[in-house]
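First up is the structure itself, then whatever we jot down about it.
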Amino acid sequence: MSRNYQEDQNNEIEALDSIYCGEMEILESQPVHKFRIPIATEEFDKDQEENGLACKLLFTYTPTYPDEAPLVEIDEPVNFAEDFEERLLQHIKKSIEEYLGMEMIFSLVSTAQEWLNERWDDHKKAQEEERERNLLAAEEAERKKFEGTRVTVESFMKWKMIFEETTGITAKREKINENKKLTGRELFMQDNTLNESDLKYLLEAGDSIESVKIDESLFQAIGDIDFDDEDEEDEDWVPGNDDDD
């Protein structure tokens, strides 16, 4: 007994119309039915279309449907990525192969609906991961503000030299060193000509070297001198300026 395809198709249209409660649009009924059913993710809102995915599945029966696959198209996609239409159609076609020989429109709509929900879940997960990456990047940038650059001995000495030059510390230090008052001992050690200064003063005054009188009593107790106390001598001592003369 041959199958009455027309009757099977009409019965399925009636069942679909009751299932989708008037959402299904019948565009043509002759020679075969052509109709459209909307699908959308659970969070989709017509007033806020950016929140979710949606489209309409356009079905056209073939003369020997359901033994032959129906024609399927996608109308009015919302928030679809560039390759979503092709991927969804491929997904539906694989389902058609499983249901061939049976009325399948409800199953095709259900599997397409599930596919949309999975893509939207992927989208939300990617958004959440992006937010976490941005948050971590912001926290890292904030942490680096307080952490600064790690300091080594070389980098510190280089910074110190530049800082002292730009702030004038180096120039001030050099000026202080130039103006620093030397002690008598430092003058004597730096300039050997100072040990002849008294003789020069005498000669300039008209006295000869022979006229210089030496008090021998000053040297009688030389054996009693403790040379270990040399380091404790007055740093301002200069030969020729002893107060004991």
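The values are calculated or read from the model by the stated rules, or taken from the named source; none is laboratory data. All figures in this text were calculated on a predicted structure; none of them were measured in a lab. Using ideal geometry, Cβ is built from the backbone for each residue, glycine included, and neighbour counts are taken over all protein chains shown. Protein only, heavy atoms only, side chains kept; ligands, DNA and RNA dropped before computing areas. Shrake-Rupley method; radii C 1.70, N 1.55, O 1.52, S 1.80 Å.
Matching residues to (1) in a helix (DSSP H, G or I); (2) open to solvent by 80 Å² or more (accessible area, probe 1.4 Å); (3) under 18 Å from ARG36 (Cβ atoms):
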| residue | (1), (2), (3) |
| --- | --- |
| ILE74 | no, no, yes |
| PHE80 | no, no, yes |
| LEU89 | yes, no, yes |
| GLU97 | yes, yes, no |
| GLY101 | no, no, no |
| GLN113 | yes, no, yes |
| ASN117 | yes, no, no |
| HIS123 | yes, no, no |
| ARG133 | yes, yes, no |
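Determine whether GLU28 is in contact with a strand residue (DSSP E or B) (Cβ under 8 Å, 6 or more places away or on another chain), among the acidic types (Asp, Glu) and under 18 Å from LEU71 (Cα atoms). Explain how you work it out, then say what you get.
Values: in contact with a strand residue (DSSP E or B) (Cβ under 8 Å, 6 or more places away or on another chain): yes; among the acidic types (Asp, Glu): yes; under 18 Å from LEU71 (Cα atoms): yes.
Yes.
Got a sec? Which of GLU43, GLU85, GLU23 is touching a Pro at 6+ places or on another chain (Cβ under 9 Å), open to solvent by 50 Å² or more (accessible area, probe 1.4 Å) and within 22 Å of LYS124 (Cα to Cα)? Reasoning before the result, please.
Values: GLU43 fails: touching a Pro at 6+ places or on another chain (Cβ under 9 Å); GLU23 fails: within 22 Å of LYS124 (Cα to Cα).
Only one candidate passes the filter, namely GLU85.
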Looking at segment 10-64, which of the residues that are in a loop (DSSP other than H, G, I, E, B) and touching an Asp or Glu at 6+ places or on another chain (Cβ under 8 Å) is nearest to ASN117 (Cα to Cα)?
GLY52
